[in-house]
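A.B. asks: The structure is given below, and queries will be raised subsequently.
The values are calculated or read from the model by the stated rules, or taken from the named source; none is laboratory data. The structure presented is a predicted model; accordingly, all values stated were derived computationally and were not measured. With ideal geometry, Cβ positions are generated from the backbone for all residues, glycine too; neighbour counts draw on all protein chains shown. Areas reflect the complete protein model, heavy atoms only, side chains present, ligands, DNA and RNA absent. Shrake-Rupley method; radii C 1.70, N 1.55, O 1.52, S 1.80 Å.
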Amino acid sequence: MKEQEYINDLKEIKDIMNRSSRFLSLSGLSGISAGFCALVGAYFAYDILYNIGYDRTIIGQKKIDALVVIGIVTLLAALGSALFFTFREAKKNGRTLWDLQAKRLLINMMIPLVAGGVLTLSLVEKGFIGLAAPLTLIFYGLALVNASKYSVSELRGMGILEIILGLLATQFIGYGLWFWTIGFGVLHIVYGTYMYFNAKK
């Protein structure tokens, strides 16, 4: 009986340590909603690139501007939905959404994201639009790996897959949108679903 009590005490101590060092309020629904936002964004990007006379060698400035707008709107929608479900998860578990762990998570995630975003926009402005999908996948993957130290371990695996997809996309520049759709859409939905049902166990 005492041995079982010790085991329970150790589990409780481990849980307290995890809560004090990691941001654990990420909801699987956050990933699922972000994935669906990415799929919708990819649909509109596909419409611009392919259904309105796509030329594989020349993409006009209007199309580039439209793609940038779609990217920004998709990002804001994904962040908004992810924050909504994360806030709901934190509230359900009686945790504070904005604490030291959340700050660490955000800072470590934003460093690669900002660097990658600035680099990608600079290259797109110079006409290297084909590198947009590979670079956003790679830097997003690096951001997830970096942030996984301060959150759920699943982020690391997802980050590594994003990096691999980004590197593969550099070899198939003309198919960047498909890699982007898989990375930001499908992977988010798959990992979000896994995290959602895993949290219920």
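A.B. asks: Under the Karplus relation 6.51 cos²θ - 1.76 cosθ + 1.60, θ = phi - 60°, what is the ordered set of whole-Hz ³J(HN,Hα) values for region 32-37, x standing for Gly and Pro?
C.D. replies: In residue order, the calculated couplings are 5, 5, 5, x, 5, 4 Hz.
A.B. asks: Okay, next question. For region 145-200, give the percent of accessible area contributed by carbon and sulfur heavy atoms, probe 1.4 Å, rounded to a whole number.
C.D. replies: 71
A.B. asks: Find how much the distance from Tyr194 to Ile72 grows on full extension, using 0.36 nm per residue of separation minus their present alpha carbon separation; answer in nm with one decimal.
C.D. replies: Length gained between Tyr194 and Ile72: 41.2 nm.
A.B. asks: Could you derive backbone 3J(HN,Hα) for region 102-114 from the dihedral phi with the Karplus parameters 6.51, -1.76 and 1.60 (θ = phi - 60°), listing whole Hz in sequence and x where the residue is Gly or Pro?
C.D. replies: 5, 5, 4, 4, 5, 4, 5, 7, 6, 4, x, 5, 5
A.B. asks: At a Förster distance of 25 Å, what's the computed FRET efficiency of Val186 paired with Ser122, Cβ-Cβ distance as r, to 0.05?
C.D. replies: Efficiency at R0 = 25 Å is approximately 0.35.
A.B. asks: Residues in region 142-176 near a label at Ile111, defined as backbone nitrogen under 13 Å from the 7 Å Cα→Cβ point?
C.D. replies: From region 142-176, the list is 142-150.
A.B. asks: When only alpha-carbon atoms are used, what values of Rg and Dmax, in angstrom, describe region 80-194?
C.D. replies: 15.2, 49
A.B. asks: Rolling a 1.4 angstrom probe over the protein heavy atoms, how many square angstrom per residue are accessible across region 106-162?
C.D. replies: Ligands and nucleic acids excluded, the figure is 47 Å² per residue.
A.B. asks: Using modelled backbone amide H atoms (1.01 Å from N, in-plane), which distant-in-sequence or interchain residues come within less than 5 Å of Ser27's amide H?
C.D. replies: The list, which skips near neighbours in sequence, is Thr86.
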